[in-house]
Amino acid sequence: MIEYRGDMRGEGRRFGLVVSRFNDLITRPLLTGAEDCLLRHGVAPDAIEAVWVPGAWELPVALRALATTGRFDALIALGAVIRGATPHFEYVSSGMTSGIAAVGSETGIPISFGVLTTESIEQAIERAGTKAGNKGWDAALAALEMVSVLAQLSDSGSGERA
Ligand code: INI
């Protein structure tokens, strides 16, 4: 069996992060976690670019703009959609998730999903660097792995053996 497994080495790789300003009490620590993860895995500081957008709804269009620059090996989406009491949550979350998935599949650039969708602010805080870890860090780790595994697949050629 031939297996491909990504590593987490970030040397020479470039990452674009798109982060939502809505709920920035939560999204700033997600960004800090993602950046910290990339730096600790060897990504150069000037190979990380972060773009702020107003809210999670705006993430897909900014991700698409970054994807089409050709500058990035992977992108990371960061945001926090908190349910509260209105149906707005459902519209924002479903538009944002399907939009992000479409950008990834249409451009072929891996996009890590570091957007919290929670019932409460407390649940979001738990996932932004407190007792449930930091989902920004986790999303960055997934991006590193995807870049590596896609590079291996593209190096693997047609599969024909001499
Ligand atoms: N944007 C978020 O990122 N999180 C939310 O919880 C949220 N809620 O609940 O309203 C939210 N709304 C704003 C939305 O993303 C857009 O920025 C806005 O509608 C302007 O297009």
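The values are calculated or read from the model by the stated rules, or taken from the named source; none is laboratory data. Since the model is a prediction, treat every value here as computed from it, not as a measurement. Cβ sites come from the backbone with ideal geometry, for glycine too, and all protein chains shown count toward neighbours. Only protein heavy atoms, including side chains, enter the accessible area calculation; ligands, DNA and RNA are left aside. Shrake-Rupley method; radii C 1.70, N 1.55, O 1.52, S 1.80 Å.
Centre-to-centre, using Cα atoms only, the range 67-120 and the range 38-62 are separated by 13 Å. Taking other residues whose beta carbon is less than 15 angstrom from the beta carbon of VAL43, and scoring Lys, Arg as +1 and Asp, Glu as -1, yields -3. Counting only DSSP H runs of at least 4 residues, each contributing -39500 (n - 2.57), and dividing by the residue count of the chain, the helix-based mean residue ellipticity at 222 nm comes to -14500 deg cm²/dmol. Estimated at 0.36 nm per residue, the fully extended path between SER154 and VAL61 surpasses their Cα-Cα distance by 30.8 nm. Expressed as a whole percent, the accessible area of the range 17-162 that falls on carbon and sulfur atoms is 56 (1.4 Å probe). Remark on the range 29-77: hydrodynamic radius 11.8 angstrom, per the Kirkwood mean of 1/r across alpha carbon pairs. Note that the chain presents 53 Å² accessible area per residue, ligands and nucleic acids not counted, probe 1.4 Å.
Counting Cα-Cα pairs of the chain in 5 Å increments starting at 0 gives whole-percent bin shares of 2, 10, 19, 21, 19, 14, 8, 5, 2, 1, 0, 0, 0.
How many percent of Cα pairs in the range 100-162 exceed 17 Å? Cα-Cα pairs of the range 100-162 separated by over 17 Å account for 57 percent.
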